[in-house]
1. Search the structure for amide H atoms under 5 Å from the amide H of A:Arg78, placed 1.01 Å from N in the peptide plane, and list their residues when 5 or more places away or on another chain.
2. Ordered by residue, what ³J(HN,Hα) values in Hz, to whole numbers, does the range A:78-83 give under the Karplus form 6.51 cos²θ - 1.76 cosθ + 1.60, where θ = phi - 60° and Gly and Pro are x?
3. Run the label-point distances for A:Arg92 please: 7 Å along Cα to Cβ, every other copy, nanometres, shortest first.
4. Taking the label point as lying 7 angstrom from Cα along the Cα-to-Cβ axis, what are the distances from A:Thr79 to the corresponding position in the remaining copies, in ascending order and in nanometres?
5. Per 0.36 nm of contour for each residue apart, how much would the distance between B:Lys36 and B:Thr49 grow if the chain were fully extended, relative to their Cα-Cα spacing?
6. Please work out which residue of chain A brings its Cβ closest to the axis of the rotation superposing A onto B, and round that distance to whole Å.
7. Which whole-number percent gives the relative contact order of chain B, counting Cα pairs below 8 Å spaced six or more residues apart?
8. I need the phi-derived Karplus couplings for the range A:70-75: 6.51 cos²θ - 1.76 cosθ + 1.60, θ = phi - 60°, integer Hz, Gly and Pro marked x.
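No value in this document is a laboratory result; all are computed from the given coordinates. Fair warning: this is a prediction, and the values are worked out from it, not measured in the lab. Virtual Cβ from ideal backbone geometry, glycine too; neighbours counted across all protein chains shown.
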Protein chains: 2
Amino acid sequence: MTKVSQEVNEITSTIDEVVHQRTRLGILTVLHEGRKVDFGYLQEALGLTGGNLSQHLSVLEKSGLIRIEKGYEGRRARTWIASTRAGSKALRDEVTALKALVACIEQSGK
Amino acid sequence: MTKVSQEVNEITSTIDEVVHQRTRLGILTVLHEGRKVDFGYLQEALGLTGGNLSQHLSVLEKSGLIRIEKGYEGRRARTWIASTRAGSKALRDEVTALKALVACIEQSGK
């Protein structure tokens, strides 16, 4: 077994599909800027339908990675979304895994 | 809309879930070393059941990213798997997207 073959499983087995899935990775990246954002902002930023965004937010909320608050701005109903501490940590862990994987792929192609 | 919010969709929308899914990313990484490997080798390297590995190989083969050859080594039936040119390109594109995403996340956390 080559070194790359040994390393790759150590890396990919630490990847959490809740975070790794491309749309959820996009959501967590936007939230990583540290502000709470509203539903419409996320929808526009990521080019998603409301239904699709809702589904991904629900997965992230169930895993404790985001916090969803419903409220009003004036008379308009709004939904605010923010990353939790666990969400920030999960994104940091994902970045660590992605960097290790990229290094592994670039090494394996030599 | 912030710069990160604008960039993130450009990046994540180029990500192909066929390649991005963690197990398939692992398979393509092992194959990226340029050798054809046998089914048992991949199974051991990635710590997968035969059924699980078969399912992921089938997804990759349908997308033209790998080539599967069945044959014999002596009297023993063997299944060989190799990356195609399209598979190598797909992995390179994924690496490009992952690097851009990591840069975006590291910038957004500042």
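1. A:Gly71, A:Tyr72, A:Glu73
2. Coupling constants for the range A:78-83: 9, 10, 9, 10, 9, 6 Hz.
3. Copy-to-copy label distances at A:Arg92, shortest first: 3.5 nm.
4. Here the equivalent label points are 4.1 nm apart from this one.
5. 2.7 nm
6. That would be A:Leu98, 2.
7. 34 percent
8. 9, x, 10, 10, x, 9
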